[in-house]
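Following: one structure in structure tokens, then a few remarks.
The values are calculated or read from the model by the stated rules, or taken from the named source; none is laboratory data. Remember, it's a predicted structure, so these values are computed and weren't measured experimentally. Cβ placement follows ideal geometry from the backbone for every residue including glycine, while neighbour counts extend to all protein chains displayed. These area figures cover heavy atoms from the full protein model, side chains too; ligands, DNA and RNA do not enter into them. Shrake-Rupley method; radii C 1.70, N 1.55, O 1.52, S 1.80 Å.
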Amino acid sequence: MTETVETEAGTARVTWHHAPEPRLLLAVSHGAGGGIEARDLQALAAALPVHGVSVALVEQPWRVAGRKVAPAPKTLDTGWRGLWPALTRPGLPVISGGRSAGARVACRTATELGARAVLALSFPLHPPGKPEKSRADELLGAGVPTLVVQGGNDPFGRPGEFAGELPEGGFDLVEVPYGDHSFAVPKRAPVTQEAALRTVTDAVTRWAASLG
């Protein structure tokens with residue numbers, strides 16, 4: 001089921017994947033370079049409902065309008081805030097999530113919106129090749145239980161960089177071996193693409209179960 005939601009940033013769109021007996025809702029948005037067709041978002045939407053987690057795939061207004069370039073972070077946050085009433089309408093605790101730029105939005109707004117937790121897929125810890133421009137403060141500022149799922153070869157921040165920059169216990173981190181920023185793995189890698197996506201879905205399923 002798909003619905004449109006009006007926000008101050010424009011018209012957003014939510015595609016619902018309802019769990020038969022839901023106990024949580026994962027609301028997850030795309031990054032700045034793609035949409036909800038991303039392989040990890042689609043895999044989560046297919047895998048989580050049978051485990052009691054409904055999934056709402058959220059398209060920000062700029063994507064719905066057909067624009068190619070994401071707006072400023074402040075506008076992305078405005079769109080996410082405007083969607084929140086529709087996401088909380090089912091009455092479930094909401095995990096605020098996103099991939100890349102969407103993960104940053106989830107972290108920046110989690111406390112004010114009352115999110116139960118944050119799922120950060122491919123969190124862009126820094127621009128490629130510029131580790132000095134860290135966004136660690138955004139991740140730590142989420143203020144709620146946070147799971148980071150990161151590709152082992154992500155140029156925006158490899159898993160080891162998180163451990164070096166952030167205090168232990170501030171978040172949970174799962175590595176997708178050989179994965180890049182979109183969790184794609186090279187054909188020569190000793191793991192398949194399907195196995196890489198199972199790493200994502202299994203990790204999120206276990207973590208969601210721990211949230212109650």
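Structure notes:
- Long-range HN-HN contacts of S29 with modeled amide H, under 5 Å: V58, G97, G98, R99
- Short-range pairs are left out: with C-alpha atoms under 8 Å and at least six residues apart, the relative contact order of the chain is 17 percent.
- Per-residue ³J(HN,Hα) for the stretch 157-163, Karplus 6.51 cos²θ - 1.76 cosθ + 1.60, θ = phi - 60°, Hz, x for Gly and Pro: x, 7, x, x, 5, 5, 4
- Rounded to the nearest 20, the Cβ-based charge dipole of the chain about its Cα centre (Lys and Arg +1, Asp and Glu -1) stands at 380 debye.
- Gaussian network model of the chain, springs between alpha carbon atoms under 10 Å - residue of A56, A117, A46 with greatest fluctuation: A46
- Under 27 Å, Cα to Cα: Lys pairs in the stretch 65-212, sequence gap 8 or more or different chains: 4
- With contacts taken as Cα pairs under 8 Å at a separation of at least 6 residues, the stretch 1-110 carries a relative contact order of 36 percent.
- Considering only L83, F162, T205, and ranking their Cα positions along the charge dipole of the stretch 58-212 that arises from unit charges at the beta-carbon of Lys, Arg, Asp and Glu, the one farthest toward the positive end is L83.
- The region of the chain that goes longest without hitting one of the trypsin sites (Lys or Arg not before Pro) in a DSSP loop, each with at most 12 other Cβ atoms within 10 Å, is 1-66.
- Only one item in [x] 29, 17, 17; [y] 24, 20, 17; [z] 36, 18, 16 matches semi-axes √(5λ) of the Cα gyration tensor in Å derived from the coordinates shown, and that item is [y].
- In the stretch 63-212, the portion of solvent-accessible area held by carbon and sulfur atoms comes to 54 percent [1.4 Å probe, whole percent, DNA, RNA and ligands not counted].
- GNM flexibility winner over the chain from V50, V200, V176 (Cα, springs under 10 Å): V50
- A cut-off of 5 Å between modelled amide H atoms, ignoring neighbours fewer than 5 places along the same chain, links D172 with T146, L147, V148.
- Only one residue of G152, H126, P190 has its Cα farthest out toward the positive end of the dipole of the stretch 111-212, where Lys and Arg carry +1 and Asp and Glu -1 on Cβ, and that residue is P190.
- Beta bridges by DSSP in the chain, antiparallel share as percent, to the nearest 5: 30
- GNM top mover of P49, P131, P159 - the chain, alpha-carbon springs below 10 Å: P131
- Only helices enter this figure: runs of n ≥ 4 DSSP H residues, each worth -39500 (n - 2.57), summed and divided by the residues of the chain, yield -10000 deg cm²/dmol at 222 nm to the nearest 500.
- Heavy-atom surface of the stretch 94-212, accessible at 1.4 Å and reported per residue (Å²): 43
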